[in-house]
Amino acid sequence: MLSIYEALFLLALDEEKGNIIPLVKRSLTYGLAGAVLAELALQGKVTAGSKRRLEAAAAADADVAGAPTGSDLLDETLQAIRSNEKP
């Protein structure tokens, strides 16, 4: 099964030419970023903390929060969120 960001990327491709449709090219990066965050939220890796700021899952959920996602992209994104000093 495809992840949200993989499905979004495939929808943005021109089937005949094999490149990204020019009309969606500008906004695709924002959509992909949101899709990656949504995927992390669905897996319980990130939450909206105080003031609705993005935070890595709490240590109380160590089983969920500490386990790898199975995707290099999601794991790298989660590591970047954890390493940031501010939420």
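Before moving on, here are some points about what is shown:
- Residue within region 27-41 that is outside any helix (DSSP H, G or I), touching a strand residue (DSSP E or B) at 6+ places or on another chain (Cβ under 9 Å) and either free of Cβ contacts under 8 Å to residues at least 60 places away in the same chain or surrounded by 10 or more Cβ atoms within 10 Å (Cβ to Cβ) (or both) present: no
- All conditions but one from (1) within 22 Å of P68 (Cβ to Cβ); (2) in contact with a strand residue (DSSP E or B) (Cβ under 8 Å, 6 or more places away or on another chain); (3) open to solvent by 50 Å² or more (accessible area, probe 1.4 Å) apply to I4; the one that does not is (2).
- Scanning region 10-22 for residues that are surrounded by 10 or more Cβ atoms within 10 Å (Cβ to Cβ) and either assigned to a helix (DSSP H, G or I) or not acidic (D, E) (or both) returns L10, L11, A12, L13, N19, I20, I21.
- Qualifying residue in region 42-56 (condition: surrounded by 13 or more Cβ atoms within 10 Å (Cβ to Cβ), under 13 Å from I4 (Cα atoms) and modelled with pLDDT of 85 or more): yes
- For T29, the requirement of being at pLDDT 90 or above and among the polar types (S, T, N, Q) is met.
The values are calculated or read from the model by the stated rules, or taken from the named source; none is laboratory data. Computed from a predicted structure; not experimentally measured. Virtual Cβ from ideal backbone geometry, glycine too; neighbours counted across all protein chains shown. Remember, those area values only see protein heavy atoms, side chains included, never the ligands or the DNA or RNA. Shrake-Rupley method; radii C 1.70, N 1.55, O 1.52, S 1.80 Å.
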